[in-house]
Amino acid sequence: MIPYGRQDITQADIDEVVAVLQSDFLTQGPMVPRFEERVAAYCGVAHGVAVSSGTAALHVACRALDLGPGDLLWTSPITFVASANCALYCGADVDFVDIDPATYNMSTDALATKLAAAERVGRLPQIVMPVHLCGQSCDMRSIAELASRYGFRVIEDASHAIGARYQDRAVGCCEFSDIAVFSFHPVKIITTAEGGMAMTADAQLARQMQRLRSHGITRDESEMTGASHGPWYYEQTDLGYNYRMTDLQAALGVSQMERIDAYVQRRHELAQRYDRLLAGMPVTTPRQHADTYSSFHLYVIRLRLGELRKSHRQVFEALRDLGIAVNLHYIPVPMHPYMRQMGLAFDATPEAAAYYAEAITLPLFPTLTEADQDRVVAALGRALAE
Ligand SMILES: *Cc1c(COP(=O)(O)O)cnc(C)c1O
């Protein structure tokens, strides 16, 4: 089977992790701040808060922005369930903004329309969470303009998009958002096995997320409500979690950061090669907006079903049968039984439904060989054939 994504682990990565195993600190040592500084410098932003997963980063981001019961978060229907779950963890409600049919990211037009309607009924969101699907940035400048007009905060779910750029800035710079979140799951651009990081330009938000990742505890006297009892003293000032990243994970992350640009460049080469090889087939290849430089976490094609005699499911199954571990990113989040049973009235998202009926994710990762890519293309040709 050719997988849809795969991590790349070098001897240098292994050596860095082993060095931590032989050191004094397996967790809460020097590697986590080193990794945070490395990623923050790469993004050109002041702060990075490393946590145990991308999901944990989304959760502490929502908490730091005070999302709570009675509040509302809007995100894209075409995302991983974590983008919505982080709001539900806070007791808030979620709703979904339909996607742009060209980029499959949250549509800025749909967002503007939905905001105008929400303002009329007095139910504006506290947070909007654009998701940079496949690694291509959303239209952040327009979203930031809407944020200042309607007064919501912005968390970028940039789980797919470390290494990507938008209008000549690194995704994660937070110029158009309050917080941007990366995931370091093994299928993502770089990995720490499990892990995530919340980027922010705001020192206070960073401090809050640092406390929330470690039980809501502070050792900083200026943050305490009373006088210190002595050198052993710390205070729990908020309800936090154990969302800490280990030094083993951070060491792997620091080592992987050495190759991030090479990874993204290789993903681009392979994506362009797919574009060429798939030209002439009854599929729509990924469209790139001129403002963006994608990290190409995923290469998603859409079947032009009107030109095919096979169904979406038949093509998908044929590819799996031919040894290609294609995937589908994603089942629209509001379709999941858990989301439906919450009794929330989600707005209809017809573009997301149309996407779901046609999308297939082809294998793409930096160590995919051209020979394996040729196998994928040949298998797709056979799967599409009548
Ligand atoms: C991977 C992913 C997450 C969650 O990241 P984890 O590190 O697996 O918790 C959230 N959102 C999106 C869009 C993702 O792809």
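The values are calculated or read from the model by the stated rules, or taken from the named source; none is laboratory data. Remember, predicted model here, so these are calculated numbers, not experimental data. Here the Cβ is made from the backbone with ideal geometry for all residues, glycine too, and neighbour counts use every protein chain on show. Only protein heavy atoms, including side chains, enter the accessible area calculation; ligands, DNA and RNA are left aside. Shrake-Rupley method; radii C 1.70, N 1.55, O 1.52, S 1.80 Å.
Quick rundown of the values:
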{"quantity": "Size of the range 183-250 as Cα extents on the principal axes (Å, biggest first)", "calculated": "47, 25, 18"}
{"quantity": "Estimated vicinal HN-Hα couplings, Hz - the range 86-93 in sequence order (Karplus 6.51, -1.76, 1.60; Gly, Pro = x)", "calculated": "4, 6, 5, 4, 8, x, 8, 9"}
{"quantity": "Cα convex hull of the chain, projected area averaged across orientations, nm²", "calculated": "20.4 nm²"}
{"quantity": "Nearest-ten-degree value, helix 11-21 long axis tilted from longest Cα axis of the chain", "calculated": "30 degrees"}
{"quantity": "Rounded to 5, percent antiparallel among DSSP beta bridges of the chain", "calculated": "65 percent"}
{"quantity": "Cα centroid of the range 69-92 to Cα centroid of the range 210-257, whole Å", "calculated": "25 Å"}
{"quantity": "Relative contact order of the range 43-110, pairs being alpha-carbon contacts under 8 Å that are 6 or more residues apart, as %", "calculated": "29 percent"}
{"quantity": "Å³ per residue enclosed by the Cα convex hull of the range 78-205", "calculated": "116 Å³"}
{"quantity": "Length added when fully stretched, residue 325-residue 374, from 0.36 nm per residue minus Cα-Cα", "calculated": "16.2 nm"}
{"quantity": "Efficiency of FRET from Cβ geometry, residue 219 and residue 109, R₀ 51 Å, rounded to 0.05", "calculated": "0.60"}
{"quantity": "Accessible-area composition of the chain, carbon plus sulfur, in percent [1.4 Å probe]", "calculated": "50 percent"}
{"quantity": "Mean Cβ neighbour count within 10 Å, used as a protection proxy, ranking 261-267, 289-295, 102-108 highest first", "calculated": "102-108, 289-295, 261-267"}
{"quantity": "Pair residue 168, residue 342: separation of 7 Å Cα→Cβ label points (nm)", "calculated": "4.0 nm"}
{"quantity": "Spin-label zone in the range 201-243 - amide nitrogen under 16 Å from a point set 7 Å from the Cα of residue 28 along the C-beta vector", "calculated": "210-221, 231-237, 240-243"}
{"quantity": "Relative contact order of the range 260-386, pairs being alpha-carbon contacts under 8 Å that are 6 or more residues apart, as %", "calculated": "36 percent"}
{"quantity": "Rounded FRET efficiency, nearest 0.05, which uses the C-beta distance separating residue 314 from residue 354 and R0 of 22 Å", "calculated": "0.75"}
{"quantity": "Sum of side-chain charges, residue 348 neighbourhood, beta-carbon under 12 Å (Lys, Arg +1; Asp, Glu -1)", "calculated": "-3"}
{"quantity": "Cα→Cβ-extended label distance, 7 Å offset, between residue 272 and residue 238, nm", "calculated": "4.4 nm"}
{"quantity": "Most mobile listed residue (256, 341, 236) in the chain, GNM with C-alpha springs under 10 Å", "calculated": "341"}
{"quantity": "Residue-by-residue Karplus 3J(HN,Hα) for the range 32-41, coefficients 6.51, -1.76, 1.60, Hz, glycine and proline x", "calculated": "5, x, 5, 5, 4, 5, 4, 5, 4, 5"}
